[in-house]
1. Criterion first (in a loop (DSSP other than H, G, I, E, B) and surrounded by 20 or more Cβ atoms within 10 Å (Cβ to Cβ)) does E105 satisfy it?
2. What do you reckon, is R196 among the charged types (D, E, K, R), within 15 Å of the ligand (Cβ to nearest atom) and closer than 20 Å to T123 by Cβ?
3. Of R99, R175, which residue is over 17 Å from the mean Cα position of the chain (by Cα) and open to solvent by 30 Å² or more (accessible area, probe 1.4 Å)?
4. All but one of (1) within 22 Å of D228 (Cβ to Cβ); (2) within 20 Å of the chain's Cα centre (by Cα) hold for A21, so report the exception by its number.
5. Being in a loop (DSSP other than H, G, I, E, B), open to solvent by 40 Å² or more (accessible area, probe 1.4 Å) and of a type outside the set (S, T, N, Q) is the filter here; which residues of the range 32-64 pass it?
6. Tell me which helices (runs of 4 or more DSSP H) are completely within the range 166-250 and hold 2 or more residues being under 16 Å from G129 (Cα atoms), or say none if there are none.
7. Which one of D154, D241, D228 is among the acidic types (D, E), in contact (Cβ under 8 Å) with a residue 60 or more places away in the chain and touching a Lys or Arg at 6+ places or on another chain (Cβ under 9 Å)?
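The values are calculated or read from the model by the stated rules, or taken from the named source; none is laboratory data. Not measured: the values here are computed from a predicted model. Please note: Cβ atoms are built from the backbone with ideal geometry, for glycine as well, and neighbour counts cover all protein chains shown. The area values use the complete protein model at the heavy-atom level, side chains included, leaving out ligands, DNA and RNA. Shrake-Rupley method; radii C 1.70, N 1.55, O 1.52, S 1.80 Å.
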Amino acid sequence: MSARTILIAGNWKMNASIGMAEQLTGALTAWSARDGVELLVCPPFPYLVPVNASIANSGIKLGAQSCHAAESGAHTGDISAEMLADVGCTYVIVGHSERRTDHAEDDATVRGQGDAAHRAGLTAMVCVGETEAERDADKTLDVVATQLTGSVPDGATASNTVIAYEPVWAIGTGRTPTEAEVQDVHAAIRANLAARFGNEMADGTRILYGGSMKPGNAAGLLALADVDGGLIGGASLKAEDFTAIADAAG
Ligand code: 13P
């Protein structure tokens, strides 16, 4: 296994305000970064610019929560990957289950967004994960494999792509799969990447777990062989929880 830098990513979703963003990033920049752990914050679009200013020179990375596939044009209300790069983003989340549901984004849409991210020089964080009904029907690995095949761009490399495994039923619910179940899915994701892109890419690609990751369960999840970080929703809105999760890594 090649060395993969742990990535602790905060997806703020549709939360925060200017004041809260300043407070949160102020506390995060005071956290003393540790070797081998990278922090990423993904605020809502309006806060990208002020958050970028707050985290300047801290080593904390900036990401957005979605992007459009096109570079520019008549797409009212949308934001291009180039715009995100222009305001300081280095990451963009694509294919989050809330986007897939709220905006009917399918695998082809997500792949187009991932391609756009790469075109703009951003790292695409491609989200996959099963619903509770799919898990109950024992379809988790099939669903995740289909999403990977459909959503991950052909141009994916270990440096321009991160995969986030987020079981839909674990998001915001306080429930998680067992550690063994998480490891099984992550190993299957890595095997899927190896089959398509080769061992070197698969070995180097970070695969994050997301879904009710908290300070209390982070150490166990982050210690799993194929878990290379976390994509954190609710707990990323509290600096002490988010940094406690980062502290639990390694
Ligand atoms: P929670 O950590 O609130 O469960 O959200 C996870 C998530 O959806 C991150 O993208």
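1. Values: in a loop (DSSP other than H, G, I, E, B): yes; surrounded by 20 or more Cβ atoms within 10 Å (Cβ to Cβ): yes.
Considered against the rule, which asks whether it is in a loop (DSSP other than H, G, I, E, B) and surrounded by 20 or more Cβ atoms within 10 Å (Cβ to Cβ), E105 comes out as yes.
2. No: the conditions fail for R196.
3. R175
4. Status for A21: all satisfied but (1).
5. A33, R34, D35, G36, A56, G59
6. 179-197
7. Values: D154 fails: in contact (Cβ under 8 Å) with a residue 60 or more places away in the chain; D241 fails: in contact (Cβ under 8 Å) with a residue 60 or more places away in the chain.
Going through D154, D241, D228 in turn, just one is among the acidic types (D, E), in contact (Cβ under 8 Å) with a residue 60 or more places away in the chain and touching a Lys or Arg at 6+ places or on another chain (Cβ under 9 Å): D228.
Yes/no matrix, rows are residues, columns are (1) touching a His at 6+ places or on another chain (Cβ under 6 Å); (2) within 22 Å of H96 (Cβ to Cβ); (3) open to solvent by 50 Å² or more (accessible area, probe 1.4 Å); (4) away from the ligand (no atom under 14 Å from the Cβ):
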| residue | (1), (2), (3), (4) |
| --- | --- |
| V185 | no, yes, no, yes |
| M201 | no, no, no, yes |
| G220 | no, no, no, yes |
| L231 | no, yes, no, no |
| I245 | no, yes, no, no |
